[in-house]
1. Identify all residues within region B:1-45 that are touching a strand residue (DSSP E or B) at 6+ places or on another chain (Cβ under 9 Å), part of a loop (DSSP other than H, G, I, E, B) and without any contact (Cβ under 8 Å) to a residue 60 or more places away in the chain; write none if there are none.
2. Quick check on region B:231-250: of everything there that is without any contact (Cβ under 8 Å) to a residue 60 or more places away in the chain and among the aliphatic types (A, V, I, L, M), which residue is surrounded by the fewest Cβ atoms within 10 Å (Cβ to Cβ)?
3. Regarding region B:49-58, can at least one residue be identified that is within 14 Å of chain A (Cβ to nearest Cβ), touching a residue at least 12 places away in the same chain (Cβ under 8 Å), within 17 Å of B:Tyr429 (Cβ to Cβ) and part of a loop (DSSP other than H, G, I, E, B)?
4. Within region B:290-303, track down each residue that is among the hydroxyl-bearing types (Ser, Thr, Tyr) and either over 23 Å from B:Arg204 (Cβ atoms) or at the interface with chain A (Cβ under 8 Å from one of its Cβ atoms) (or both).
5. If B:Val21 satisfies all but one of (1) surrounded by fewer than 18 Cβ atoms within 10 Å (Cβ to Cβ); (2) of a type in the set (A, V, I, L, M, F, W, C); (3) out of contact with any helix residue (DSSP H, G or I) (no Cβ under 8 Å at 6 or more places or on another chain), what's the number of the condition it fails?
6. Tell me, please, whether a residue that is in contact (Cβ under 8 Å) with a residue 24 or more places away in the chain, assigned to a helix (DSSP H, G or I), away from chain A (no Cβ under 14 Å) and closer than 27 Å to B:Gly282 by Cβ can be found in region B:75-86.
7. Cβ-Cβ distance below 6 Å, separation of 6 or more or different chains: which pairs start in region B:144-169 with a residue that is without any contact (Cβ under 8 Å) to a residue 40 or more places away in the chain and end on one that is among the aromatic types (Phe, Trp, Tyr) and surrounded by fewer than 24 Cβ atoms within 10 Å (Cβ to Cβ)?
Amino acid sequence: MATKKAGRKPQSPQPIPLPARPGAVEAPIVKNHTISVLVDNEPGVLARVVGLFSGRGYNIESLTVAEVDPKEALSRINIVTSGTPMVIEQIKAQLGRLVPVHRVTDLTMLGASVERELALVKVRSTGDKRIESLRIADVFRARALDSTIDSFVFEVVGTTEKVNAFIRLMESLGLTDVSRTGVAAISRGAQSI
Amino acid sequence: MPSEPMIGARLLLKALVEQGVEDIFGYPGGAVLPIYDEIFKQNRIRHILVRQEGGAVHAAEGYARSTGKVGVVLVTSGPGATNAVTGLTDALMDSVPIVCLTGQVPTHLIGNDAFQEADTVGITRPCTKHNYLVKNVNNLARTIHEAFHVARSGRPGPVVVDLPKDVVLAMGQYVSAADAKPKSYRPQVKGDATSIEQAVELMRTAKRPLFYCGGGVVNSGPRASKLLTELVRTTGFPCTLTLMGLGTFPASDPQYLGMVGMHGLYESNNAMHDCDLMIAVGSRFDDRVTGKLTAFSPNSRKIHIDIDPSSINKNVRVDIGIVGDIANVLEDMLAVWKAKKTSTDRKALAPWWKQIETWRARKCLSYRHDSKIIMPQYALQRLYDLTKHRDDVYITTEVGQHQMWAAQFMRFDKPNHWLTSGGLGTMGYGLPSAMGVQVAHPDALVIDVAGEASILMNIQEMSTISQYGLPVKVFILNNEYMGMVRQWQELMHGGRYSQSYMSSLPDFVKLAESFHAVGLRATKPEELDDVIREMIACPKAVIADIRVDQKENCFPMIPSGAAHNEMLLGPADQAQKPTSEEGMVLV
């Protein structure tokens, strides 16, 4: 039976490119991803997103939420999470399954994006330390929003790394309080999510 | 044109009628009294009064799964809603479309710890596909339509609509389904054409292929089962089914290998392990199926068709994932197959089938026959033999050994006739579920294959069954043990049967009689056939108490933490292969 057609059948009439085989064992490379989720601005929607992360054991490194389109009542949630590629794929698929979710975008996968975080940093010190804190704030382009004789409140804006670096430096200069917004992120270029 | 304003409870019933609802399973209470008042005033929708809200949800599951329609539940606030949680979780795990209407305290009391108040939306958020709290009567009808849409579209699931008492008493406007288009929920139903072509290409060259199909095919509808059968027969590939998929491919077909998984057949599991191409259709690589993940089908390429993108690459990495409605994808796949005049690698398939025949020859379902004691497998074999001539048989089960034996010995040629709690494994599922099936199919033969432990979890529903004259048959394999617990204790805990013996069991014959049903009992093999015949012939509900061997274990079995090719085929294997440390922590 097999020989009947063998003569006129080429190997494959139109070779269809097949996807590469997935590796047998995935190297467990845990990476941070910034995911933007466009959701209906309705009661409980944040609880759904956060509950999904806690219920399925995913990490949240940072989270920001605010309404971005009052006309359509849409909010944007920016989540910085970490996981292996398989876990990140699963997180995105699970988010996409939620009924009030309109769109899920992985800004890290998309390519270039800008990410910013704002922190308010309170430092209490006098003398050399006070002067040093002001000098470092200048280097980081942090603004002093409030000042007393022995304290400053700085506002620093930048990437998470920059904010972390600023806070680390302030630790030895009388750091008392930190309040951070979490990451807001958007893709570079003309395309929107 | 706006219609006359009417009170919320009436808007609700009007929306249910427009959604084609004929039966509701429920239980009244303070917060839902206005809705019950409206139910009293109409006769389009029949209300089935259950005896506990958990029973209502399982009944709606049976109703939904046997008809393909959305099952509807109505319960009151607080305890009514919390009692429904198990059923909702069960429906979520097994993708059963349910709309559960829960009463709620009036909006001005929400958050005040009012009488019979519970945060229903909060409690049910992780155990529903979606849920709503209706705070404005003018959104009520729209929300009901959206709830039905969400429950039945995409991967089906349970949806809760929480209804504060003041909202169902307020006057509002009706919105018809056509004017209530959901904003954001649009699941992908059409599969990607390139992926389908790639899949066909893999199938063309496969040497040891295998179809592995599950409950998603049932959910896609009877058309999906027909197309699946056509595709399997066209290719000539072997086909195995999951517990939830039984019936989607005919059990009588020679290409059918039987159930796969922990208590699946030797031939199925070995074929899963050795295949070079796995075509997963509406199945989700559940841990009961895969066994040890690192040893799962190590040498195969995998195609996965599913409507839920999150099912793909969740547990097992696949080569080609196709998101779409199963029926649509299979139709496209068949079209590509025919258009390209595809033929399979018959030269390679012949030895593959030969290998499968040698596995089949092991006859892994054989069991010890006994002339004095009824073997549980024998009881189910006879139940199947004495009912197989009918095509209106529906089997539901509870959870445990009897469930696995039923899956092995009851054979199904059509979908929607087998109802079991697969994902959540809910003891007490079978009786209310059978009740729901019987409500939808009054003349059918509906049998709940039960264990004596599981049946007691929702035994109160015998009262419902009697009230509505539902001729449900309860077939109890009574071994006086929680059989599966006892089996695992024997395998992993040195036979220390901690709390798994059921003492002080009721007399099931008298219990049946007290519920106005008929009680039967078989204790010897020669009594079995007569009891089964009498049970089937009886026009009333029946509890048949079948006293079976107390010590029999369910085989074949992949012990937890083991691979598909490390099955235990019987007691002899059990002694030789102790469970690994890794397996001990698994469920």
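The values are calculated or read from the model by the stated rules, or taken from the named source; none is laboratory data. Remember, it's a predicted structure, so these values are computed and weren't measured experimentally. Every residue, glycine among them, receives a Cβ derived from its backbone with ideal geometry; neighbour counts consider all protein chains shown.
1. B:Val21, B:Glu22, B:Tyr27, B:Pro28, B:Ile45, listed by residue number.
2. B:Val232
3. no
4. Passing the criteria: B:Thr290, B:Thr294.
5. Among (1) surrounded by fewer than 18 Cβ atoms within 10 Å (Cβ to Cβ); (2) of a type in the set (A, V, I, L, M, F, W, C); (3) out of contact with any helix residue (DSSP H, G or I) (no Cβ under 8 Å at 6 or more places or on another chain), B:Val21 violates only (1).
6. yes
7. Cβ pairs passing all conditions: B:Val150/B:Tyr185.
A quick yes/no check of all residues on (1) in contact (Cβ under 8 Å) with a residue 24 or more places away in the chain; (2) away from chain B (no Cβ under 14 Å):
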| position | (1), (2) |
| --- | --- |
| A:Leu95 | yes, no |
| A:Leu98 | yes, no |
| A:Thr108 | yes, yes |
| A:Val114 | yes, yes |
| A:Ala119 | yes, yes |
| A:Lys122 | yes, yes |
| A:Ile131 | no, yes |
| A:Arg135 | no, yes |
| A:Phe140 | yes, yes |
